[in-house]
1. Considering the dipole of the stretch 2-325 built from charges on the beta carbon (Lys and Arg +1, Asp and Glu -1) around the Cα centre, which of V123, G168, Q148 is farthest to its positive end?
2. In percent, how large is the relative contact order of the stretch 130-285, given Cα pairs closer than 8 Å and 6 or more residues apart?
3. By Kyte-Doolittle mean hydropathy of at least 0.0 and Cα axial length of at least 20 Å, which whole DSSP H helices of the chain are selected?
4. Could I have the simple spin-label model distance between A145 and D3, label points 7 Å from Cα toward Cβ, reported in nm to one decimal?
5. Going by how many other Cβ atoms sit within 10 Å of their own, how do E263, E55, E71 line up, fewest first?
6. Pop a pseudo-label 7 angstrom from the Cα along the beta-carbon direction at both R156 and D85 and give the gap in nm to one decimal.
7. Which ordering of R302, R180 is given by a fewest-first count of other beta-carbon atoms within 10 Å?
8. If each residue's Cβ is checked for other Cβ atoms within 10 Å, how do V91, V267, V15, V276 rank with the fewest at the top?
Amino acid sequence: MTDELNVDIFPKYPVSWQTTVLNGLLRGTMKPVTAVLVRNTPGMVVARELLGLSEHLSRFLPGHVSIVPDEIGGCRAEWVRGAADLDEDKVVLYFHGGAYFVCSPATHRPITWRLSAAARRPVLSLDYRQGPSHTLTESLADALAAYQGLLDAGHRPKDIVIAGDSAGGHLTLATLLALRDEGMPLPAAGICLSPWADLTVPPRRENRWADPMLPASRIDWLARRWTDGRDPRDPLISPVYGDYTGVPPLMIVTGSTEILRGEARRVADRARRSGVPVRYEEWHRMPHVFPIFSDVLPEARRIFGHIERFLGAVEKFLAASGAEAA
């Protein structure tokens, strides 16, 4: 169990030709386009519309995948079921990424349906409020309300897993810390894919040029925008400064060339120092939130087997903890 739950993993899979091509495409398109557009509110709106086009691709899902719109905690959401015979008593609460201003549950279905199949439970993908019209505080309020809604619906905390990518990874960590601080019953585990965890605008030198997708200057610009008037070292704003004592096991996944790799590693180290088991995975040359490219990248599809093993280890950890408590 320990080898699956509290371990550093650097997968040795050969880099596929699909990944090499995709990295080149991202470097030549998404990275420069983001650098040009993400400079003011009108540019953010244009970027949101462009990325919103990917929602049309999300309609082409395997026939066995089910998408059911819903509402929870006053927020829109969708239930994603990626296989038959799921355990309906259990759930993954998922927060999509998008730097807190783009994307939606629909854009992230390549992740959520596969996550449902790997976890053997439905995924509730939350359409939380985002900027520029809303604040990080409002996004977190939606996340907490959704979690409370699951409890009110009869889901036991130990049957809930919280997960998210990029900004959604940030929201996952902030939600876990906020639940702990409020004395709420905590979920079984948290899963963070390429989390954005430091909004203090540190010097981003590591992988500044190696990252094929994210321009460092625009990450810094967004961080300043979202933290305006707030203490950026508040752990709910920058989870790299959090005390993770009492937080459930974490799985943190990142790519070796990501500009956000360093802060993902810092969260893992900080959580371990607080006594939290952390499965940290660093995948060679994978782009930011590479599981979203599962339709085309073989490495991205493999990550869901790793998530399945992590959740299996969490089940054993909870069973052992229960036996010790008894």
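A short reminder: the numbers here are calculations on the coordinates, not readings from a lab. Small disclaimer: the values here were computed from a predicted structure and weren't measured. Note that each Cβ is placed from the backbone with ideal geometry, even for glycine, and that neighbours are counted across all protein chains shown.
1. So the residue furthest toward the plus end is G168.
2. 23
3. Answer set is 136-152, 167-181, 298-325.
4. With each label placed 7 Å out from Cα toward Cβ, I get 4.6 nm.
5. On the way: E263 24, E55 15, E71 12.
If I rank by nearby Cβ atoms, fewest first, I get E71, E55, E263.
6. It is 2.2 nm.
7. Listed from fewest to most nearby Cβ atoms, that is R302, R180.
8. Details: V91 23, V267 28, V15 14, V276 20.
Final ranking by Cβ density, sparse to dense: V15, V276, V91, V267.
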